[in-house]
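Colleague: Got a structure here, written out as structure tokens. Questions coming.
Bear in mind that the values in this text are calculations on the coordinates, not laboratory data. Note that the coordinates shown come from a computational prediction; the quantities given were computed from them, not determined experimentally. Every residue, glycine as well, gets a Cβ built from its backbone with ideal geometry; the counts of neighbours run over all protein chains shown.
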Amino acid sequence: MPQIEIDGLVLNVDEDGFIEDPTIWNEEIAKALAKTEGVTELTEDHWKVVNYIRNYYLQYQIAPMIRKLCKDTGFSLKEIYELFPSGPAKGACKIAGLPKPTGCV
Amino acid sequence: MKHFVVGVLPYLTFLILVFGLIYRIRGWYASKVKYQLNLFPAPDTPGGEILKEILFFKTLYRFERPLWVMSYGFHLGIFLIFIGHIAGIAFAGHQFTLFGATPEQSEKLSFAFGMLAGTLAFFGALALLLRRLSGQVKQVSDPWDYIDLLLILAIVTTGNAMRTLAPVELFAVKKYFADLFSLRPINYELPTAFVIHYFFGQILLMYLPFSKLLHLAGGLINKAIILTGDGKAKLLKL
Amino acid sequence: MNAPQKAKDLAPLPYRILDDEEKVRKAVAIIREKAAESRMFKLAMECCTKCGACINACHSYLGTEDPYNIPTKRADLVRSVYKQEIMPLSGVLGKVAGGIGVSAELLEKWFTYFYQCNQCRRCALVCPFGIDTAEVSIMVRQILAELGMVPRFTVGIVKNMANTGNNMGIAKPALLDSCEFLEEEMYEETGIKIRIPVDEEADIMYVPSSADFFVNTNTMIGVAKMYHAAGIKWTIPSEIIEAANFGLFFDEKVMKEHNRRLLDCAKKLKAKKIVQGECGHGWRAARMYTDGLNGPVDVEIRHIHEEAAYFIARGIIKVDPEKNGDIVYTYHDPCNLARAGDIIEEPRFILRHVVKNFVEMTPNREENFCCGAGSGLLMEEIMETRMKLGKVKAEQVKKTGADYVVAPCSICKAQLPLVFEYYNLPVEMSGLMDLVGKAIIL
Ligand code: HEM
């Protein structure tokens, strides 16, 4: 299993760089993962999105619909891409410690 | 050697050709078409489409026009040669007397059709060979693809030679086949040009069932799978 | 050589990872078995004349310029083994015919190149004999699966499908939450209570693509509005909110199991008609394979575009093309919908009613080129290849000058925006039901 080390934190990740065990997620891990997605600093806006996705996942074991994410966080899709350059499915979900959304996406 | 080619090999050729064909075609029908694999839009009459494919090489005409010109010329030549061999030998050049020509006129016509067929097949095969030697098609060719064409070219060239440079008496050939078919011994000499041509021809026939030349059967069977509709009605005719 | 990552664990597929020696030992027997099973595969192995008509018909070759992506040369990767080991008289003719034996490296090459084939069937269209390299590709991927070689991505999808009944892995509570949210959205927009009924008994069982509950939400909304306007009772089955049947691409057992699940759900919900959503290959699997897999069946199987075209033609729903604005739309024929699925004129009929400006791209209909992700080539790790596979599509779209591409297939919907971005095309993209939803008069 691949491992990555960011700022002294060693993480087991899958081949896409998503953490292998979503339950171990915490803010430190989020900060570390953010670096791998070109997000150098997690601002309040970032946290709003990340926490929303995280809580949705804890409730439903899946990422929220992009449309719902936008509506409930108040960010447009464009703004989300500005926050997470690799997009909501790849970037934001990864930082929120979800497994990679798969299927026809 | 000469005797083997004219007296023994033909029977072998015949057996190999017939059993080869049966063996291969039975093999295809032993495997199944489990699902509906046709392409759309499905033609109303698949049989008619197959006929267009045989008569006109419709798909090639639609998508690969330059290849169609070469291929159609080549195959038309082969087809005329095939018909010409049966009629020309059976009637020793006098087949057109059936349509009211005099024997001399018939021989001339027979010669003219032979020229046409031989030229089409020769230049067709040559064009296909040159095409195969150039760029893109070369990338997808293996040795056999060249051998097929060279073999056909050899047959066509020796055939053309017999019509022009080293004429062969058709009556003698007719007699030979009559003897061959009635299993009489062949204890006389035949012209060398004929024997060479005949040898290559038999190689082709023996090799045909085991090679891509069987596309004339397999290709059409495959095309039929693609063309046959699934018979399901549309909700709305558009 | 840009190959997908292989799965290290194949569960729930009934195969296991083999070592090289075992793979090589088993390969020929499996090829022989497949040839005995499928006439089309056998004919493809035995009857190609190498005429080369497929060379420039294949977007995979045109985009990658790799000769192994020429359909007949791709097929040669396995045909060469077939000639050497299986073809009658192979002992005598095999070597000269370019025959070679199986080796571990060859199997890797199969894995690379048969996962650069989108199984779009354009080669079958242009081949004088209809030789279908997509069929060869399906068979070779099956052989590879039996030898334990399956992309990690694909196994992930099979796993989700087995656990939840859809590729994304959406469980019922999440589905209900999503439907409720979309109902609220529609209410906000229209002031009308439009429902997305889940697991209710109804004549029509609509099978969406699970991606419609993640990214392509407007497709789902379009369908809901349409059935609402038509006044027809319908439902979606939580146990299979997935039109896509990835089994078609690589494994018959997976395909059969998915299809059976579909039919079981229809029975459970007492549906008379299964309506497939915007998914190309899923439509092909349902329409063309159901009889062979689990048939004969008495349930009618339709595509959502057949339904929409019918409703529009009969005046059952009313649409206003003004609502989709003045921009120019073009239509991308998903391969499995058009060539392989007979949904060719319906989308055009619908488009002409729901938008004002529609232009065709060239070539179109059954001659159209693939988006470059067909057959499930959505793996992130082969992005570079995917962009090459999408090159011809990008050129086609560019030539139309259109502002908006309509692509009613979830795989196309996932691939095309990336292609457009990569080739700097400022065009928008969505499904077709999305536009029906916008144009519909409620
Ligand atoms: C119904 C009968 C036949 C049909 C529909 C047919 C059709 C075709 C087509 C469509 C091609 C591919 C285009 C090309 O490369 O020329 C082809 C190739 C070929 N055919 Fe036929 N064919 C038939 C019979 C024959 C026969 C009887 C022969 C000779 C024994 C023959 C010899 C060849 C050869 C040698 C090629 C390969 C040409 C090349 O290397 O480019 N065909 N045929």
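Colleague: State whether the stretch C:258-413 is rounded, prolate or oblate according to the following rule on the C-alpha gyration tensor (a ≥ b ≥ c being the square roots of its eigenvalues): a/c under 1.5 gives rounded; otherwise a/b larger than b/c gives prolate, and the remaining case gives oblate.
Modeller: Details: a/c = 2.40, a/b = 1.23, b/c = 1.95.
Oblate.
Colleague: Under a cut-off of 19 Å between alpha-carbon atoms, report the aspartates and glutamates in cross-link reach of B:Lys108, not counting same-chain residues fewer than 8 places apart.
Modeller: Correct list for B:Lys108: B:Glu169.
Colleague: Let me know the Kirkwood hydrodynamic radius for the stretch A:3-95, please, with Cα pairs as the basis and the value in Å to one decimal. List each step's numbers first, then the result.
Modeller: Details: mean 1/r = 0.0751 Å⁻¹.
13.3 Å is the Kirkwood radius here.
Colleague: Hey, another quick one. Do you know the relative contact order of the stretch C:318-441, to the nearest whole percent, from alpha carbon pairs under 8 angstrom that are 6+ apart?
Modeller: Details: 215 pairs, mean separation 42.5, N = 124.
Computed over the stretch C:318-441, the figure is 34 percent.
Colleague: Calculate, axis by axis, the spread of Cα positions in chain C along the three principal axes, and write the results as whole Å, longest axis first.
Modeller: 75, 46, 36
Colleague: So if I take the centroid of the Cα atoms in the stretch B:172-238 and the same for the stretch B:133-159, what is the distance between those two points in Å?
Modeller: 18
Colleague: For a quick check of your reading of the filter: which chymotrypsin sites (Phe, Trp or Tyr not before Pro) in the stretch A:11-105 sit in a DSSP loop and have no more than 13 other Cβ atoms within 10 Å? Intermediate results must be reported in sequence, preceding the final value.
Modeller: On the way: sites: A:Phe18, A:Trp25, A:Trp47, A:Tyr52, A:Tyr56, A:Tyr57, A:Tyr60, A:Phe75, A:Tyr81; in loops: A:Phe18, A:Trp25, A:Phe75.
Within the stretch A:11-105, no chymotrypsin sites (Phe, Trp or Tyr not before Pro) qualify (loop, at most 13 other Cβ atoms within 10 Å).
Colleague: Suppose R0 equals 45 Å. What FRET efficiency, 1/(1 + (r/R0)^6) with r the Cβ-Cβ distance, do C:Glu180 and C:Glu21 give to the nearest 0.05? Intermediate values should be presented prior to the final figure.
Modeller: Working: r = 55 Å, r/R0 = 1.22.
Working from the Cβ atoms, E equals 0.25.
Colleague: Let me ask something else about it. Using only Cα atoms, figure out Rg for the stretch C:3-53 and give it as a multiple of 2.2 N^0.38 Å. Each step should come with its number before you reach the end.
Modeller: Numbers: Rg = 15.3 Å, N = 51, 2.2 N^0.38 = 9.8 Å.
Taking N as the residue count of the stretch C:3-53, the ratio is 1.56.
Colleague: Per residue of C:207-216, what is the mean number of Cβ atoms on other protein chains within 10 angstrom of that residue's Cβ?
Modeller: Working: counts 0, 0, 2, 5, 4, 2, 6, 14, 10, 5.
Mean number of neighbouring Cβ atoms from other chains: 5.
Colleague: Classify the stretch B:163-238 as rounded, prolate or oblate from the Cα gyration tensor: take a ≥ b ≥ c as the square roots of its eigenvalues, call it rounded if a/c is under 1.5, otherwise prolate when a/b beats b/c and oblate if not. Write out the running numbers ahead of the final one.
Modeller: Values: a/c = 3.61, a/b = 3.38, b/c = 1.07.
Prolate, since a/c reaches 1.5 and a/b exceeds b/c.
Colleague: If you take the alpha carbon radius of gyration of the stretch B:81-135 and divide it by 2.2 N^0.38 Å, what ratio comes out, to two decimals? If you can, show how the numbers build up before the last one.
Modeller: On the way: Rg = 15.0 Å, N = 55, 2.2 N^0.38 = 10.1 Å.
Normalised Rg, Cα atoms only: 1.48.
Colleague: OK, next. Starting from 0.36 nm per residue, how many nanometres of slack lie between C:Arg314 and C:Glu380 once their C-alpha separation is accounted for? Before the final figure, lay out each step's value.
Modeller: Working: separation 66, 0.36 × 66 = 23.76 nm, distance 4.38 nm.
Result for the pair: 19.4 nm of gain on full extension.
Colleague: Expressed in nm to one decimal, what extension gain is obtained for the pair B:Val8 and B:Lys175 from 0.36 nm per residue of sequence separation less their Cα-Cα distance?
Modeller: Extra length available between B:Val8 and B:Lys175 comes to 58.5 nm.
Colleague: Something else now. Show log10 I(q)/I(0) for the protein assembly as shown at q = 0.11 Å⁻¹, two decimals, from a solvent-free Debye sum over equal Cα scatterers.
Modeller: -1.20
Colleague: Follow-up. If you build a Gaussian network model of chain C, linking Cα atoms that sit under 10 Å apart, which residue out of C:Ser137, C:Ser430, C:Ser38 swings the most?
Modeller: Comparing C:Ser137, C:Ser430, C:Ser38 in the GNM, the peak value goes to C:Ser38.
Colleague: Still on this model: Test of understanding: ordering C:His332, B:His75 by Cβ neighbours within 10 Å, fewest first, what list do you get?
Modeller: Numbers: C:His332 27, B:His75 16.
Ascending number of Cβ neighbours within 10 Å: B:His75, C:His332.
Colleague: Mind giving me the nanometre distance, one decimal, between the label points for B:Leu21 and C:Val359, set 7 Å out from Cα along Cα→Cβ?
Modeller: 5.4
Colleague: Over the whole of B:56-64, what's the average partner chain Cβ count within 10 Å per residue? Rounded to a whole number, please.
Modeller: Details: counts 0, 1, 1, 7, 5, 1, 4, 9, 10.
Counting other chains' Cβ atoms within 10 Å and averaging over B:56-64 gives 4.
Colleague: Efficiency by 1/(1 + (r/R0)^6): what FRET value for A:Trp47 and C:Ala36, r their Cβ-Cβ distance, R0 = 56 Å, to the nearest 0.05? Can you show the working numbers first?
Modeller: Working: r = 60 Å, r/R0 = 1.08.
After rounding, the FRET efficiency stands at 0.40.
Colleague: Hey, another quick one. Just for the Cα atoms in the stretch C:7-150, what are the lengths along the principal axes, largest first, rounded to whole Å?
Modeller: Taking max minus min along each principal axis of the Cα atoms, the stretch C:7-150 gives 39, 37, 26 Å.
Colleague: Stick to Cα atoms and the Kirkwood definition of Rh, then tell me Rg/Rh for chain B.
Modeller: Numbers: Rg = 21.1 Å, Rh = 20.5 Å.
Radius of gyration over Kirkwood radius for chain B works out to 1.03.
Colleague: Okay, next question. Rounded if a/c is under 1.5, else prolate if a/b beats b/c, else oblate: with a ≥ b ≥ c from the C-alpha gyration tensor eigenvalues square-rooted, which is the stretch B:4-129? Write out the running numbers ahead of the final one.
Modeller: On the way: a/c = 2.10, a/b = 1.39, b/c = 1.51.
Note, shape of the stretch B:4-129 comes out oblate.
Colleague: Using a cut-off of 13 Å between beta-carbons, work out the net charge of the residues near B:Gly48 (Lys and Arg +1, Asp and Glu -1, B:Gly48 not included).
Modeller: Values: positive: B:Lys52, B:Lys58, B:Lys223; negative: B:Asp44, B:Glu49, B:Glu53.
Here the charged neighbours net out to 0.
Colleague: Could you count how many Lys pairs in the stretch C:318-441 have their Cα atoms under 14 Å apart, skipping same-chain pairs fewer than 8 positions apart?
Modeller: On the way: C:Lys318/C:Lys438; C:Lys323/C:Lys356; C:Lys323/C:Lys438; C:Lys356/C:Lys438; C:Lys391/C:Lys399; C:Lys393/C:Lys413.
Number of lysine pairs found: 6.
Colleague: Relative contact order (percent) for chain C, with alpha-carbon contacts under 8 angstrom and 6 or more residues of separation?
Modeller: Numbers: 833 pairs, mean separation 73.1, N = 442.
Taking the mean separation of contacting Cα pairs over the length of chain C, I get 17 percent.
Colleague: Treating each Cα of the stretch C:367-442 as an identical point scatterer and ignoring solvent, apply the Debye formula and state log10 I(q)/I(0) at q = 0.20 Å⁻¹.
Modeller: Log10 I(q)/I(0), no solvent term: -0.83.
Colleague: At 222 nm, what helix-only mean residue ellipticity would chain A give, in deg cm²/dmol to the nearest 500, using -39500 (n - 2.57) for each DSSP H run of four or more?
Modeller: Per the formula, -12000 deg cm²/dmol.
Colleague: When Cβ neighbours within 10 Å are restricted to other protein chains, what is their mean count per residue of peptide B:124-133?
Modeller: Numbers: counts 0, 0, 0, 0, 2, 0, 0, 2, 3, 0.
Averaged over the peptide's residues, the number is 1.
Colleague: Can you give the FRET efficiency to the nearest 0.05 for C:Val328 and B:Glu189, using r as the Cβ-Cβ distance and R₀ = 60 Å?
Modeller: Working: r = 79 Å, r/R0 = 1.32.
Using R0 = 60 Å, I get an efficiency of 0.15.
Colleague: A further question follows. Based solely on its DSSP helices, what 222 nm [θ] is calculated for chain C when runs of n ≥ 4 H residues each add -39,500 (n - 2.57) and the sum is averaged over all residues, nearest 500 deg cm²/dmol? Let's see the in-between values first.
Modeller: Working: 21 runs with 216 residues, N = 442.
Theoretical 222 nm ellipticity from helices: -14500 deg cm²/dmol.
Colleague: Further question on the same structure: Just to confirm my numbers, what's the Cα centroid distance between the stretch C:321-343 and the stretch C:379-429 in Å?
Modeller: After rounding, the separation between the Cα centres reads 14 Å.
Colleague: Using a 7 Å offset from the Cα along the Cα-to-Cβ direction at both C:Thr190 and A:Glu15, what is the distance between the two label points in nm, to one decimal?
Modeller: 4.3
Colleague: In the structure shown, do any of C:Lys172/C:Lys270; A:Lys68/C:Lys8; B:Lys223/C:Lys268; C:Lys42/C:Lys159; C:Lys6/C:Lys273 have a Cα-Cα gap over 28 Å, and if so which? List each step's numbers first, then the result.
Modeller: Working: C:Lys172/C:Lys270 20 Å; A:Lys68/C:Lys8 35 Å; B:Lys223/C:Lys268 40 Å; C:Lys42/C:Lys159 31 Å; C:Lys6/C:Lys273 38 Å.
With Cα atoms farther than 28 Å apart: A:Lys68/C:Lys8; B:Lys223/C:Lys268; C:Lys42/C:Lys159; C:Lys6/C:Lys273.
Colleague: Mind jotting down the distance between the C-alpha centroids of the stretch C:192-238 and the stretch C:59-74, whole Å?
Modeller: 40
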